[in-house]
Amino acid sequence: MSDESPQAIRAEALESILIEKGLITAEAVDDIITRYSERVGPMNGARLVARAWADPQFKKQLLTDATSIVESFGFEGGQVEKLVVVENTEKVHNAVVCTLCSCYPWAVLGLPPKWYKDPAYRSRIVMEPRQLLAEMGVGLGSNVEIQIWDSSAEIRYMVLPMRPPGTQNLKEEQLAELVTRDSMIGVEVLGGVEVPGELS
Ligand code: FE
């Protein structure tokens, strides 16, 4: 008995056949899996966010021309030929969707979560963003404006989340660890952290 999903079983069967027929190698498959689990993922976006929090000049560049910034970092994964970063503030909350399908900036966020491709998310984040965000744990005051960005094959968006309170003494690497994938899609607001002996 296996508790794996039908998709996982199908993928495994397909992989076995392709290896058996000599069309791919097990090493090539492992390499792709390693790439997407260790080198391509939200940790790359988190590095950009942490640096933007720590360095106002970098932040300005990131908000002006994220495409060039990402290019200079040389992240793998692609899908950032044109990347736009939008900043969350006390007044404006941004969130990202692809209403048409599932366009997503792989090089900075990795592969999209399942819910991102869900028709319910794709329609509701546009039709009733405040309600959906609240359901996802982001309760926004009525004074906060919500902006939804529709990613496409041409332009991908990423959110620069607000820096959590109590983090003024953290170094860039420590800041990066606080940044979650969902906060860079705009469906999570980062909470404050308690640093022992450094409470704000
Ligand atoms: Fe798409």
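The values are calculated or read from the model by the stated rules, or taken from the named source; none is laboratory data. What you are looking at is a predicted structure, and each value in this text was computed from that prediction instead of being measured. Neighbour counts are summed over all protein chains in view; Cβ atoms, including those assigned to glycine, are modelled from backbone coordinates with ideal geometry. Heads up: the accessible areas ignore ligands, DNA and RNA and are worked out on the full protein's heavy atoms, side chains in. Shrake-Rupley method; radii C 1.70, N 1.55, O 1.52, S 1.80 Å.
Structural remarks
- The residues of the stretch 43-192 expose on average 49 square angstrom of accessible surface per residue, using a 1.4 Å probe on protein heavy atoms.
- On the chain, 53 percent of the accessible area sits on carbon and sulfur atoms, based on a 1.4 Å probe.
- Summed residue charge, Cβ within 12 Å of A153's Cβ, Lys/Arg positive, Asp/Glu negative: -1
- Count Lys and Arg as plus one, Asp and Glu as minus one, and take only other residues whose Cβ is under 14 Å from that of L14; the net charge is then -2.
- Ordering L48, P105, A66 by the projection of their Cα atoms onto the charge dipole of the chain, which places +1 on the Cβ of Lys and Arg and -1 on the Cβ of Asp and Glu, puts A66 at the extreme positive end.
- Backbone HN-Hα couplings from phi across the stretch 75-91 [Karplus 6.51/-1.76/1.60, Hz, Gly and Pro as x]: 5, 7, x, x, 6, 10, 4, 9, 10, 10, 9, 10, 9, 7, 9, 5, 9
- Degrees separating the helix 6-20 axis from the principal Cα axis of the chain, which is the longest one: 50
- Proximal lysines to K171, defined as alpha-carbon separation beneath 24 angstrom and excluding residues fewer than eight positions away on the same chain: K59, K60
- Residue-wise HN-Hα couplings along the stretch 168-180, as the Karplus relation 6.51 cos²θ - 1.76 cosθ + 1.60 with θ = phi - 60° gives them from phi, are 5, 9, 7, 7, 4, 5, 6, 4, 4, 5, 7, 7, 9 Hz; Gly and Pro carry x.
- Seen against the Cα atoms of the chain and their longest principal axis, helix 42-54 is set at about 20 degrees.
- With all projection directions averaged, the alpha carbon convex hull of the stretch 43-192 covers 8.3 nm².
- GluC sites (Glu not before Pro) restricted to DSSP loop in the stretch 140-194 with at most 15 other C-beta within 10 Å: E154, E194
- Within the straight-line cut-off of under 24 Å between alpha carbons, the lysines reachable from K117 are K82, sequence neighbours fewer than 8 places apart in one chain being disregarded.
- Rounded to whole numbers, the Karplus 3J(HN,Hα) couplings from phi for the stretch 159-165 are 9, 8, x, 6, 5, x, x Hz, using 6.51 cos²θ - 1.76 cosθ + 1.60 with θ = phi - 60°, and x at Gly and Pro.
- Nonlocal amide H pairs with C98, under 5 Å, H built at 1.01 Å: S151
- Solitary cysteines of the chain, where the nearest other Cys Cβ is not under 4.7 Å: C101
- Loop-located GluC sites (Glu not before Pro) in the stretch 1-89, at most 15 other Cβ atoms within 10 Å (DSSP): E4, E76, E81
- Trypsin sites (Lys or Arg not before Pro) within the stretch 10-102: DSSP coil, no more than 11 neighbouring Cβ in 10 Å: K21, K91
- Distant-in-sequence amide H partners of V84 (H built 1.01 Å from N, under 5 Å): R156, Y157, M158
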